[in-house]
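**Q** Below are the structure tokens for one structure; questions will follow.
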Amino acid sequence: MSCDKPLRILIVEDEILIAMELESLLQDAGHDVVGVAASSEEALDLGRELAPDLAFVDIHLADGPTGVDVARRLTAERDVTVLFMTANTKRIPEDFAGARGVIAKPYTERGVREALAYVMAEQDRDADESRTMTFIPFSRRSREDSSQLS
């Protein structure tokens, strides 16, 4: 994915004012917020429907501390990059539940932008690593032409 291409982002946050502020910040940064979910069920449904590139996931949602499960499932089932946003980083498991990082609440605009830059650089690096050189054989005609040049 190129840094020029906007990310499709899902916000998983049960505090509506935080979700709205984050949505505005992400849109101002040039990205597409494809959905906002307040519960784990809603987040997983939107993840299936909307195929986001990235999800910002709070650990404690409207239905309890279910954000870790949301992160695991979005990562494993949908290959979505996940960043946690939480005031309680102690609840993040040692394996990070598949998430690529955490932004501590209260978050700053700078922190969100740095996280976006990290995710986009990581995706560009992954794309570069997966590229292969294409073998282009010389035609017989070009070999004959080059032997006449010697």
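Values in this text are rule-based calculations from the coordinates and carry no lab data. Just so you know, these numbers come straight off a predicted model, no measurement behind them. Note: ideal-geometry Cβ built from the backbone for every residue, glycine included; neighbour counts use all protein chains shown.
**Q** Could you derive backbone 3J(HN,Hα) for the range 74-82 from the dihedral phi with the Karplus parameters 6.51, -1.76 and 1.60 (θ = phi - 60°), listing whole Hz in sequence and x where the residue is Gly or Pro?
**A** Taking θ as phi minus 60°, the curve returns 4, 5, 6, 8, 10, 6, 8, 6, 10 Hz for the range 74-82.
**Q** To continue, here is another question. May I ask for the net charge around E49, where only other residues with Cβ less than 11 Å from the Cβ of E49 are counted and Lys, Arg are +1 while Asp, Glu are -1?
**A** Net local charge, E49 excluded: 0.
**Q** Also, quick follow-up: Work out from phi, with θ = phi - 60° and the Karplus expression 6.51 cos²θ - 1.76 cosθ + 1.60, the ³J(HN,Hα) of each residue of the range 117-122, listed in order in whole Hz, and give x for Gly and Pro.
**A** Each residue of the range 117-122 in turn: 4, 5, 4, 5, 5, 5 Hz.
**Q** Now for a different question. For L61, enumerate residues with amide H under 5 Å from its amide H, sequence gap 5+ or separate chain, H modeled in the peptide plane.
**A** HN-HN under 5 Å from L61: T66, G67.
**Q** Pop out the ³J(HN,Hα) list for the range 66-73 in order, Karplus 6.51 cos²θ - 1.76 cosθ + 1.60 with θ = phi - 60°, rounded to Hz; leave Gly and Pro as x.
**A** Going residue by residue, I get 9, x, 5, 5, 4, 4, 4, 6 Hz, with x marking Gly and Pro.
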